1. What list of ³J(HN,Hα) couplings, whole Hz, do you get for the stretch 289-296 from phi and the Karplus terms 6.51, -1.76, 1.60, once you set θ to phi - 60° and write x for glycine and proline?
2. Spelling out what I want: for every residue of the stretch 168-184, take phi, set θ = phi - 60°, compute 6.51 cos²θ - 1.76 cosθ + 1.60 (Karplus), and round to whole Hz; glycine and proline get x.
3. Which of rounded, prolate, oblate describes the stretch 4-185, given a ≥ b ≥ c as roots of the alpha-carbon gyration tensor eigenvalues and a/c under 1.5 marking rounded, otherwise prolate only if a/b is larger than b/c?
4. Treating only the Cβ of Lys, Arg, Asp and Glu as charged (+1, +1, -1, -1), what charge dipole size does the stretch 191-377 show about its Cα centre? Round to the nearest 20 debye.
5. Taking amide H atoms as placed 1.01 Å from N in the peptide plane, list the residues 5 or more away in sequence, or in a different chain, whose amide H sits under 5 Å from that of Ser112.
6. Name the residue farthest towards the positive end of the dipole of the chain from the options Tyr157, Tyr123, Ile103, assuming +1 on Cβ of Lys and Arg, -1 on Cβ of Asp and Glu, about the Cα centre.
7. Give me a comma-separated list of calculated 3J(HN,Hα) values for the stretch 117-129, in order, Karplus coefficients 6.51, -1.76, 1.60 applied at θ = phi - 60°, integers in Hz, x for any Gly or Pro.
8. Considering the dipole of the chain built from charges on the beta carbon (Lys and Arg +1, Asp and Glu -1) around the Cα centre, which of Ile369, Phe253, Leu272 is farthest to its positive end?
Amino acid sequence: MKNKVDRDFNFAPFKSFDIENIKSRVEKFSQEWDLDTSRQSTVYEGRPNPHVNTNTYIIQNSSLHWERGTLFSKETLDKEMYDLVYPIVKELEDRMVGQSARILLIKLNANSKVFVHKDSGDYLSNVRRFHIPLITNEKVSYTVGGEEIHMEEGKCYEINNLKLHSVDNNSEYDRVHILIDIMPESETKIISNAEKDLKIYIIKDFITKEDAEIIIDYMQKNYLNDKKFYMPEKAKTNNIFRYESHVPERHLFSSHTEVIELLKKYSDKFLLECNNLFKDEELFLAAQWLTMLGEGTRLSEHVDNHFEAEHLFRSGVVYLNNDFDGGFLKFLDADITIDPEKLSIVIFESTRLHKITQILSGTRIAMPIWATNIKERGISHG
């Protein structure tokens, strides 16, 4: 999946929430807005504080100085208010496969603005930032990356806070938003934070960009050819874009003559890496798939060497693209979540319990490969 800084979006509207109970509580605020003035009073070197015209009420806090690879923590400061926003928070946590971080109420004073700025640092670069207007009007506008919109009351929007953004309140009334940061599990539940002997390996640049593009182009031109690919019945029923080639279960290598040399090149490389990583004496190619998983697709928890596939011994997934959102590889028996990186491969034991989280947008294109240690179950490219 693309890093947020590289994703081509300014705003990503999600859905509307029932905010009436939260709004009723906020409308009674008075001194609450002055309990913590750190956000609006911070002095920035060489530029004005963009938040000088705001007041902030902290429901839950997390350090802006968090660094990737270190322990992530948070502190709930107002349990009663947190309980009010929890249904929204829980839905965002589930959707983004993460945990809530900072949760703020932000009041922008009448006839004022949040000055143009963009965020940086590990915390602000990695969280998914959501805004929900609680009190607003048509004279309030939000601008991100040069795109200006009016955010509707109660509607949830993700913003790309790594782009230049600002807010203008050209009305006689204060504007109040709730800000919710979601820290993806892929940034906190990483292999370097866990035990070393997980036997889950990530190899970057496993496939060249040129070879990945050739395979992607081939898949995009041929996925409707039922001699090469098929669409699972569940995808048809749910009207979800999902096409796969399963060699040897459903298809033959001879159906993919245009890319068969590339398929062999990377299956051989996968076997070699498995031998190096696991010190296996002898391995054989067991299966090699090509998959295109579109928006709404998810794969429930499973092990690869399930019933009738007990011969599978080592598993690998080669990620060919990154222009999609979601689709994390989540290992449930190791508490590890991996954000697919273009051109990389993840290699693991086929006994690992794992799942693929929902694709939120775009199409996740990959090449899963499996190895067996049973010679009689091995296959060849012909």
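Here, each number is a calculation from the coordinates, and none is a lab measurement. These numbers come from a predicted model, not from an experiment. All Cβ positions, even for glycine, are placed from backbone atoms using ideal geometry, and neighbour counts span all protein chains on display.
1. Values, residue by residue: 10, 10, 10, 10, 10, x, 3, x Hz.
2. Working through the residues one at a time gives 10, 10, 9, 10, 8, 10, 5, 10, 10, 10, 9, 10, 10, 9, 10, 8, x Hz.
3. Values: a/c = 1.22, a/b = 1.08, b/c = 1.13.
Rounded.
4. Numbers: 24 positive and 31 negative charges, 65 e Å.
Dipole size: approximately 320 debye.
5. Under 5 Å from the amide H of Ser112 lie the amide H atoms of Asn169, Ser171, each far enough along the sequence or on another chain.
6. Of the options given, the answer is Tyr157.
7. Whole-Hz 3J(HN,Hα) from phi for the stretch 117-129: 6, 9, 8, 7, x, 4, 4, 6, 7, 9, 5, 9, 9.
8. Result: Phe253.
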